[in-house]
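What follows is one structure encoded as structure tokens, with my remarks underneath.
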Amino acid sequence: MNIKGFQFSAVEAAIKKPGRKDLALIFSEVPATACAVFTINRVKAAPVLLSEERIKSGVAQALIVNSGNANACTGDDGLIAARETSLLVAAGLGISDRAVQVSSTGVIGVQMPMDRIRTAIPGLIKGLSSGTLDDVALAIMTTDTFPKMEARSGLAGKSGYTVAGIAKGAGMIMPNMATMLSFVITDAALEPLFLQQAFRLAVDSSFNAITVDGDMSTNDACLILANGKAGNPPIVADTPEAEAFESLLHDVLLSLAKQIVRDAEGGTKFVEVRVNGAKENADAKKIAFSIANSSLVKTAFFGQDANWGRIFAAVGYSGAEVDQSRLSLCFDDVCMASKGIFAGGDAEARGTEVLKKKEFTVTVDLGLGDGSATVYTSDLSHEYVSINADYRT
């Protein structure tokens, strides 16, 4: 991956326990145009509160992120810890602490072990000369089973540029902005307002279209840094270059979002839920999430039980406008019900075969209009319960 003007580092700080790298740094060699979206949970972690305020400037140059401790529900001490962490990074890099974004993921309600972080930061900064984005992707993992990365290249004028992203998340996934954590970097030069618009659109069709368990984190954050080192004239809205960048950014974020669902805690299925024929897009999205978050539907997916009635029930209680006499439902290309009526035993047998696959599509058509939405989800297994029953240990 050739992305200009960024450096990376990761070290072991033993924030939760020793044995793995858990403190990471992304540094732009020049101040970068930046924007971010954060959790809308009203219980917000200290780093979210700090970074939300700082991102208003539209500029950032560094991000420090840790796993193992969320620094959430930690009161004034948590805010003091987040600010001190940024000050230590800023001093080591010779930049303003206002240009440092802070992010955390891990256990809620535990104070940050600042003595270990203070000790680790000098080595973290020194390691910028030899680290990679892969190192950061590994360091931010918690219950993830693999690091999540994606990169795409584009052309603006005669200048080539790259968009690269990493993410972490496997459980507590029901975002209304982004997902657990995702960081995107590009060496393209971008007009700030265009970047904000493109980023929010890409987040909405990717991270805002996934769910694992219907739980929204206190720490969700998605950040993009654009440092302009590719040397292209700044990309502005309503140009061919803008359209190409928007497509690349969407592809990177959607790939990361799908990787999170494929790594869902205890998950054995990757399910695409499509809703068509709604009165409006908002209704379609309500219904898609109602299906994707239903414990009864998700356990039926795990059990490979073609229980289409559970899906119809989730459609009906979604709060969207529904006429059951117009409802249809398919598992891949197998029609399970049409005009609200079961298609019969042969359809159930064929539908069961579809649900035996690791990946399949559920399509609901309401027959009411042109509204549509797509959401990505997983099943709900015994293993999900086991993972979350002892997460803190």
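The values are calculated or read from the model by the stated rules, or taken from the named source; none is laboratory data. What you see is a predicted model, and the numbers here were worked out from it, not measured in a lab. Methodologically, a virtual Cβ is constructed for each residue, glycine included, from the backbone with ideal geometry; neighbour enumeration extends over all protein chains shown.
Within the stretch 66-119, track down each residue that is closer than 19 Å to PRO31 by Cβ and of a type in the set (Val, Ile, Thr).
VAL89, ILE95, VAL100, VAL102
For the condition buried (at least 20 other Cβ atoms within 10 Å of the Cβ), modelled with pLDDT of 95 or more, assigned to a strand (DSSP E or B) and not hydroxyl-bearing (Ser, Thr, Tyr), what is the one hit in VAL322, VAL273?
Answer to the check: VAL273.
Six or more apart or on different chains, Cβ under 6 Å: which pairs go from a residue in the stretch 53-68 that's on the phi > 0 side of the Ramachandran plot and crowded, with 19+ Cβ neighbours inside 10 Å to one that's in a strand (DSSP E or B) and not polar (S, T, N, Q)? Could you list them?
These pairs meet every condition: GLY68/GLY106.
Run ARG310 past the list (1) farther than 28 Å from LEU254 by Cβ; (2) in contact with a helix residue (DSSP H, G or I) (Cβ under 6 Å, 6 or more places away or on another chain) and report the number of the one that doesn't hold.
Answer for ARG310: the failing condition is (1).
When ALA257 is evaluated against the numbered criteria (1) modelled with pLDDT of 95 or more; (2) in a helix (DSSP H, G or I); (3) touching a helix residue (DSSP H, G or I) at 6+ places or on another chain (Cβ under 8 Å), which criterion, by number, is the only one it fails?
(1)
Part of a strand (DSSP E or B), crowded, with 22+ Cβ neighbours inside 10 Å, in the same structural domain as THR143 (by TED's automatic domain parsing) and at pLDDT 95 or above - does that describe any residue in the stretch 225-232?
yes
From the list THR142, THR105, pick out the single residue that is assigned to a loop (DSSP other than H, G, I, E, B), of a type in the set (Ser, Thr, Tyr), crowded, with 18+ Cβ neighbours inside 10 Å and under 15 Å from the mean Cα position of the chain (by Cα).
THR142
From the set of residues in the stretch 150-164 that are of a type in the set (A, V, I, L, M, F, W, C) and in contact with a strand residue (DSSP E or B) (Cβ under 6 Å, 6 or more places away or on another chain), which is farthest from ASN227 (Cα to Cα)?
Among those residues, the one meeting the criterion is ALA151.
Quick one: is ILE95 of a type in the set (A, V, I, L, M, F, W, C) and more than 24 Å from ALA167 (Cβ to Cβ)?
So ILE95 passes the test.
Which one is farthest from GLY345 (Cα to Cα), of the residues in the stretch 296-329 that are aliphatic (A, V, I, L, M) and within 27 Å of the chain's Cα centre (by Cα)?
Only one residue fits best here, namely ALA320.
Out of LEU249, LEU254, which single residue is crowded, with 24+ Cβ neighbours inside 10 Å and assigned by TED's automatic domain parsing to the domain that holds ASP144?
Just a single option satisfies the conditions, and that option is LEU249.
Check off (1) surrounded by 15 or more Cβ atoms within 10 Å (Cβ to Cβ); (2) within 23 Å of the chain's Cα centre (by Cα); (3) not small (Gly, Ala, Ser) for THR132 and give me the number that stays unchecked.
So the condition that THR132 fails would be (1).
In the stretch 337-366, how many are among the small types (Gly, Ala, Ser) and either surrounded by fewer than 17 Cβ atoms within 10 Å (Cβ to Cβ) or outside the structural domain of ARG310 (by TED's automatic domain parsing) (or both)?
5
Can you tell me which residue in the stretch 202-219 is modelled with the lowest pLDDT, limited to those that are outside any helix (DSSP H, G or I) and more than 18 Å from VAL48 (Cα to Cα)?
Out of the qualifying residues, it is GLY214.
Can you name the residue in the stretch 104-142 that is of a type outside the set (A, V, I, L, M, F, W, C) and within 16 Å of ASN219 (Cβ to Cβ) and is also modelled with the lowest pLDDT among such residues?
Among residues in the stretch 104-142 that are of a type outside the set (A, V, I, L, M, F, W, C) and within 16 Å of ASN219 (Cβ to Cβ), the one modelled with the lowest pLDDT is THR142.
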